[in-house]
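Working notes, beginning with the structure itself.
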Amino acid sequence: MPLTASLTHTAAVARLGHALSDPTRAAILLALREEPAYPSDLADGLGVSRQLLSNHLACLRGCGLVESIQDGRRSRYQLADPHLTPALDELVRVTLLVEPDCCDGGGCTC
């Protein structure tokens with residue numbers, strides 16, 4: 001039996017959609033599904049500046065998708081809800097079935 005979607009559920013899915021609409025934010029979420037990480041390691045791994053990564057982490061925090069955990073003088077980030085890991089895993093499986101040339105950087109032709 002399907003779950004009834006409340007306004008809260010709809011808002012949560014919309015926040016996730018906003019987060020996934022940017023390739024850098026999507027990459028951050030996919031990286032964090034593996035394990036928590038420090039911002040500097042995420043920036044290096046994703047090949048983006050630390051300032052850009054910081055801006056995207058602030059957005060993801062604001063959406064309630066990631067949380068910062070103090071580790072001494074440093075902060076590391078992790079997914080805010082353990083349900084996000086299997087949800088992102090399922091989205092990756094769905095994405096792999098999408099026609100690769102359908103929606104590239106030039107727009108969607110589907």
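The values are calculated or read from the model by the stated rules, or taken from the named source; none is laboratory data. Predicted model, so just to flag it, every value in this text is computed and none were measured. Cβ: placed from backbone, ideal geometry, glycine included. Neighbour counts: every protein chain shown. Surface accessibility is based on the protein's heavy atoms, side chains included, excluding ligands, DNA and RNA. Shrake-Rupley method; radii C 1.70, N 1.55, O 1.52, S 1.80 Å.
Peptides 13-20, 80-87, 28-35 ranked from most to least packed by the mean count of surrounding Cβ atoms within 10 Å: 28-35, 13-20, 80-87. Label-to-label distance, GLU35 versus ALA58, with points set 7 angstrom from Cα along the beta-carbon direction: 2.9 nm. For the range 27-67, with all protein chains in place and a probe radius of 1.4 Å, 48% of the accessible heavy-atom surface sits on carbon or sulfur. Subtracting the Cα-Cα distance of THR24 and CYS102 from 0.36 nm times their residue separation leaves 26.1 nm of extension gain. Label zone of ALA87 (point 7 Å out along Cα→Cβ, amide N under 15 Å): in the range 37-63 this covers 60-63. A Förster radius of 35 Å combined with the Cβ-Cβ distance from SER68 to THR4 puts the calculated FRET efficiency at roughly 0.60.
Per residue, the solvent-accessible area of the range 1-95 (1.4 Å probe, heavy atoms of protein chains only, all protein chains present) comes to 64 Å². Considering only the Cα atoms of the range 1-95, their convex hull presents on average a projected area of 6.8 nm².
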